[in-house]
Amino acid sequence: MSSTVLEPPRGVRRWVGLALSLVVLLATWSVVAAADLVEPHYLTPSPLQVWDAFIRANSHHAVGGGIDRVVRGEENYFLWEHLVVSLRRIGLGLLFGVLVGVPLGLLMGSVRWVGDLVGPYVDFLRSLPPLAYIGFLVAWFGIYDTSKVWLLFLAAFPPITLATINGVRGVRQDQLNAARSLGASGLQLTTAVTLPATLPDILSGLRVAVGFAWTTVVAAELVNGLPGIGGLAYLSGTQNKIALSVACILVIGLTAIALDAVIRTIEKLVVPWRGKA
Amino acid sequence: MSKGITVAGLGHEFRARGGAVPALEGIDLDIAPGEFVTLAGPSGCGKTTLLRLVAGFAAPTSGTITVGDVPVAGPGPDRGVVFQQPTLYPWLDVRRNVALGPKLRGVGKAQRLATAGRYLELVGLSDAADRRPYELSGGMQQRAQIARVLAGDPEVVLMDEPYGALDALTRERLQNELLSLWRASGKTILFITHSVDEAVFLGSRVLVMSPRPGRIVFDEFVPFSADADLAPEEIRALPKFAEVAGRVREAISH
Ligand SMILES: Nc1ncnc2c1ncn2[C@@H]1O[C@H](COP(=O)(O)OP(=O)(O)OP(=O)(O)O)[C@@H](O)[C@H]1O
Ligand SMILES: [Mg+2]
């Protein structure tokens, strides 16, 4: 017991470990970049160059190359604005995904024949890589945001629907019986019992959908993706602005982790009973 | 007002993998309004099945059940059910769990929360009103569940071994509590239990069922619980109490 008291708590140890490994990683990276193993040298930007690119992309800066002109960020948007545009796209896609997926899942889970009838189609849609139908969506909805939001909606709603169905089918029969014995009508049963009892599953589905939508949006922005963080990562790579591209990649990855943390926090706040009841 | 229960020619079979399982057979039963009927019997004899059929959770394979002259066709707010495992809703705090019955009936917020507060006080849970069910002990959950059923103001209360999982002391306290609740409200209660003493202490009428398929093999009116002059400790100490308990015990083991 006494030794555990003296040791720092697990959380602290974890963060210290993470910080140390980051230092080692950055140092190794700097050494490799400085060694110029790959020619030309701009293919191996150092951490500092990536940081510079990141700052430039978030500020007004001179074009350079002797031209006397100041530009705004990259491609006329700051990097954080590219990020926000991408986030807005998945936000909209997820919003529609929830608005359609949850009621559909409740219906499919509660009414057997609806589930049997629609289930295979949702399964089919889920098994498609979203990029397979981006061309089709562009043909229908144009190259701008509408087609991307549709894409993300179609990517997001199957996992949400399937998780909701799963939740509905797992609701304890006696929780429904108890409400009926208290006088709940059919609709009241759904709002007072089925929906809240399914909330943990809905949030699990949402978490899957967020991860899926994020990888999808970044990939979808390869085509006419500007502004957009995925578009910027791709474009800067093709223009040999490797430092900027690496900065974008880091932002994309960290954003994914942050999104996941947000959903988990929401889970803790909204379903504090998870695993306890 | 409380309602009576009439069960006529009731039989029930479960379709299981190994074929049909007859759980109940030829049950005829007439429970008058305001009676406190306790039902004992060996494990697996069909007590829960009978209670669920009266609650309307399933339809019997034969026979009829009538509650207050209306045939049972499904669950309804006239029959409150206290489950063996408390089925409180973890997304609501205890007060809102108890207020659910009035809420479903469309009672306004202030009034239904006041009602809930009253019943929580009745079962001694006022201090726990703002907690979530999973933050309560098993006994407290059971009391909260009873408060929820009572707040729904049913004519008939169906209770399935509500105190089965509690320690002896808590159990005795809740029995005393329930006894005074029944004496004050005059509701019709059907109460399932494994405990002979509990059956004889609480019931104004004690039933015993035979092993599966369940039939009623013992049916006797017991004078103790309805006698408002008798305090709980006095009932348990009566020589007559031990005598009735002995006969019930014998009926179960036959
Ligand atoms: N859903 C079901 N499917 C198949 N058989 C069932 C089902 N429910 C109950 N049974 C069977 O019916 C019989 C009666 O069950 P029931 O739950 O009513 O017994 P019980 O008297 O309440 O027992 P206990 O005192 O152990 O709770 C048992 O043999 C049980 O195996
Ligand atoms: Mg039982």
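Enumerate the pairs (first residue in segment B:25-54 and without any contact (Cβ under 8 Å) to a residue 60 or more places away in the chain; second residue anywhere and open to solvent by 50 Å² or more (accessible area, probe 1.4 Å)) with beta-carbon separation below 6 Å, excluding pairs fewer than 6 apart on the same chain, so at least 6 apart or on different chains.
B:D30/B:T6
Tell me, please, whether a residue that is open to solvent by 20 Å² or more (accessible area, probe 1.4 Å), within 14 Å of chain A (Cβ to nearest Cβ) and in contact with a helix residue (DSSP H, G or I) (Cβ under 6 Å, 6 or more places away or on another chain) can be found in segment B:154-163.
No, that holds for no residue.
A:V217 - would you say it is more than 14 Å from chain B (Cβ to nearest Cβ), modelled with pLDDT under 90, under 22 Å from A:A261 (Cα atoms) and open to solvent by less than 40 Å² (accessible area, probe 1.4 Å)?
Judged against the criteria, A:V217 is a match.
Looking for something in the same structural domain as B:G34 (by TED's automatic domain parsing) and over 30 Å from B:A23 (Cβ atoms) - is there at least one such residue anywhere in segment B:195-202?
no
Picking from B:L53, B:L24, which residue would you name as being over 17 Å from the mean Cα position of the chain (by Cα), under 26 Å from B:V196 (Cβ atoms) and either outside any strand (DSSP E or B) or more than 14 Å from every other protein chain (Cβ to nearest Cβ) (or both)? Can you show your working first?
Details: B:L53 fails: over 17 Å from the mean Cα position of the chain (by Cα).
B:L24 is the lone residue from the list that is over 17 Å from the mean Cα position of the chain (by Cα), under 26 Å from B:V196 (Cβ atoms) and either outside any strand (DSSP E or B) or more than 14 Å from every other protein chain (Cβ to nearest Cβ) (or both).
Has segment B:56-64 got at least one residue that is surrounded by fewer than 18 Cβ atoms within 10 Å (Cβ to Cβ) and within 16 Å of ligand 2 (Cβ to nearest atom)? I'd like the intermediate steps shown before the answer.
Here is the first cut: in segment B:56-64, the ones surrounded by fewer than 18 Cβ atoms within 10 Å (Cβ to Cβ) are B:58-59, B:61-64.
Pick out the ones that are also within 16 Å of ligand 2 (Cβ to nearest atom) and you get B:58.
Yes, segment B:56-64 has at least one match.
Check off (1) under 18 Å from A:S181 (Cβ atoms); (2) within 12 Å of ligand 1 (Cβ to nearest atom); (3) touching a Ser or Thr at 6+ places or on another chain (Cβ under 8 Å) for B:A40 and give me the number that stays unchecked.
(1)
Condition first: over 11 Å from B:L158 (Cα atoms) and within 8 Å of ligand 1 (Cβ to nearest atom). Now tell me which residues in segment B:43-58 satisfy that.
Once the filter is applied, which keeps residues that are over 11 Å from B:L158 (Cα atoms) and within 8 Å of ligand 1 (Cβ to nearest atom), segment B:43-58 yields B:S43, B:G44, B:C45, B:G46, B:K47, B:T49.
Check segment B:62-71 and report whether any residue there is within 14 Å of chain A (Cβ to nearest Cβ), modelled with pLDDT under 95, under 17 Å from the mean Cα position of the chain (by Cα) and more than 30 Å from B:L125 (Cα to Cα).
Yes, some residue in segment B:62-71 is within 14 Å of chain A (Cβ to nearest Cβ), modelled with pLDDT under 95, under 17 Å from the mean Cα position of the chain (by Cα) and more than 30 Å from B:L125 (Cα to Cα).
Hey, does segment B:39-47 have a residue that's crowded, with 20+ Cβ neighbours inside 10 Å, within 13 Å of ligand 2 (Cβ to nearest atom) and among the basic types (K, R)?
In the first step, residues of segment B:39-47 are kept if they are crowded, with 20+ Cβ neighbours inside 10 Å; the result is B:39-41, B:45-47.
Checking the rest, the ones that are also within 13 Å of ligand 2 (Cβ to nearest atom) come to B:39-41, B:45-47.
Cutting the leftovers down to among the basic types (K, R) gives us B:47.
Scanning segment B:39-47 turns up at least one residue that is crowded, with 20+ Cβ neighbours inside 10 Å, within 13 Å of ligand 2 (Cβ to nearest atom) and among the basic types (K, R).
Which one of these is closer than 14 Å to B:Y89 by Cα and more than 14 Å from chain A (Cβ to nearest Cβ): B:A129, B:A114?
Just one listed residue meets the conditions, B:A129.
Filter the helices (runs of 4 or more DSSP H) completely within segment B:164-254 down to those with at least 2 residues that are more than 18 Å from B:P33 (Cα to Cα) and open to solvent by less than 20 Å² (accessible area, probe 1.4 Å).
Ranges flagged: B:168-185, B:196-202, B:239-253.
Condition first: at the interface with chain A (Cβ under 8 Å from one of its Cβ atoms), open to solvent by less than 40 Å² (accessible area, probe 1.4 Å) and not basic (K, R). Now tell me which residues in segment B:72-87 satisfy that.
Answer for segment B:72-87, where residues must be at the interface with chain A (Cβ under 8 Å from one of its Cβ atoms), open to solvent by less than 40 Å² (accessible area, probe 1.4 Å) and not basic (K, R): B:G74, B:P75, B:G76, B:G80, B:V81, B:F83, B:T87.
Can you tell which of A:G97, A:G105, A:G66, A:G73 is small (G, A, S) and within 19 Å of the chain's Cα centre (by Cα)?
Exactly one residue qualifies, and that residue is A:G97.
For segment B:93-129, give me each residue that is outside any helix (DSSP H, G or I), open to solvent by 20 Å² or more (accessible area, probe 1.4 Å) and within 19 Å of B:G80 (Cα to Cα). Reasoning before the result, please.
Looking only at segment B:93-129, we keep the residues that are outside any helix (DSSP H, G or I), and these are B:93, B:99, B:105-108, B:123-125, B:129.
Next cut, open to solvent by 20 Å² or more (accessible area, probe 1.4 Å) only: B:93, B:105-108, B:124.
Residues satisfying the conditions are B:R105, B:G106, B:V107.
The values are calculated or read from the model by the stated rules, or taken from the named source; none is laboratory data. This one's a predicted model, so the numbers in the text were calculated from it and none came from an experiment. Virtual Cβ from ideal backbone geometry, glycine too; neighbours counted across all protein chains shown. For the accessible areas, the whole protein counts, side chains as well, though only heavy atoms, and no ligand, DNA or RNA atoms are used. Shrake-Rupley method; radii C 1.70, N 1.55, O 1.52, S 1.80 Å.
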